[in-house]
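Written below as structure tokens is the structure these notes are about.
The values are calculated or read from the model by the stated rules, or taken from the named source; none is laboratory data. These figures come from a predicted structure and were not determined experimentally. Cβ: placed from backbone, ideal geometry, glycine included. Neighbour counts: every protein chain shown. Note: areas computed on protein heavy atoms with side chains; ligands, DNA, RNA excluded. Shrake-Rupley method; radii C 1.70, N 1.55, O 1.52, S 1.80 Å.
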Amino acid sequence: VQLVESGGGLVQAGGSLRLSCAASGSTSSINTMAWYRQAPRKQRELVAAITSGGGSTTYADSVKGRFTISRDNAKNTMYLQMNSLKPENTAVYYCNEELKYYSGSYSNPYDYWGQGTQVTVSS
């Protein structure tokens, strides 16, 4: 499985960015995809997650109402639309895919990560 993020960059506070994560090599359609971020000297944290069919999403409280996660399964791509960006949103943003396989019962999850894309919000 390969995950490739794109769309990061430098933006002024109040601006917007759209991150993309292109997935390839998955052999299961049972997957939850998510965006995590890690700021300098901080632990990696969950930003948003979306289930296989896109029917269920989860957001960190700090981004609710400003960020929107979505996915296009036909393109094997996940997105994160980030609006009203703040300097505290500065971090490396990582794409995550959690795969499960079904063969009579569900397997334990397999976790995959992208290389990350830098988002810098200036004040």
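A compact table of results
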{"quantity": "Amide hydrogen neighbours beyond the local backbone of T90, cut-off 5 Å, H modeled", "calculated": "V121"}
{"quantity": "Ratio Rg/Rh, restricted to the chain and using Cα atoms, in which Rh is the Kirkwood radius", "calculated": "0.99"}
{"quantity": "Probe 1.4 Å, accessible area per residue of the chain, Å²", "calculated": "54"}
{"quantity": "Loop-located GluC sites (Glu not before Pro) in the stretch 21-123, at most 14 other Cβ atoms within 10 Å (DSSP)", "calculated": "none"}
{"quantity": "Rel. contact order, % - alpha carbon contacts under 8 angstrom, at least six apart, the chain", "calculated": "35"}
{"quantity": "Percentage relative contact order, the stretch 51-123, counting C-alpha pairs under 8 Å, at least six apart", "calculated": "25"}
{"quantity": "Virtual paramagnetic centre 7 Å along Cα→Cβ of T58, amide N under 17 Å, in the stretch 94-117", "calculated": "94-100, 108-113"}
{"quantity": "9 Å beta-carbon shell around Y79, net charge (K/R +1, D/E -1)", "calculated": "+1"}
{"quantity": "Accessible surface of the chain [probe 1.4 Å, protein heavy atoms]: carbon and sulfur percent", "calculated": "46"}
{"quantity": "Set of the stretch 68-95 residues, backbone N closer than 13 Å to the point 7 Å along the Cα-Cβ line of A22", "calculated": "75-78"}
{"quantity": "For the stretch 84-94, 3J(HN,Hα) per residue [Karplus equation, 6.51 cos²θ - 1.76 cosθ + 1.60, θ = phi - 60°, Hz, x = Gly/Pro]", "calculated": "6, 5, 10, x, 6, 7, 4, 4, 8, 9, 10"}
{"quantity": "Partners for K86 among lysines (Cα-Cα distance below 25 Å; same-chain residues under 8 apart left out)", "calculated": "K42, K64"}
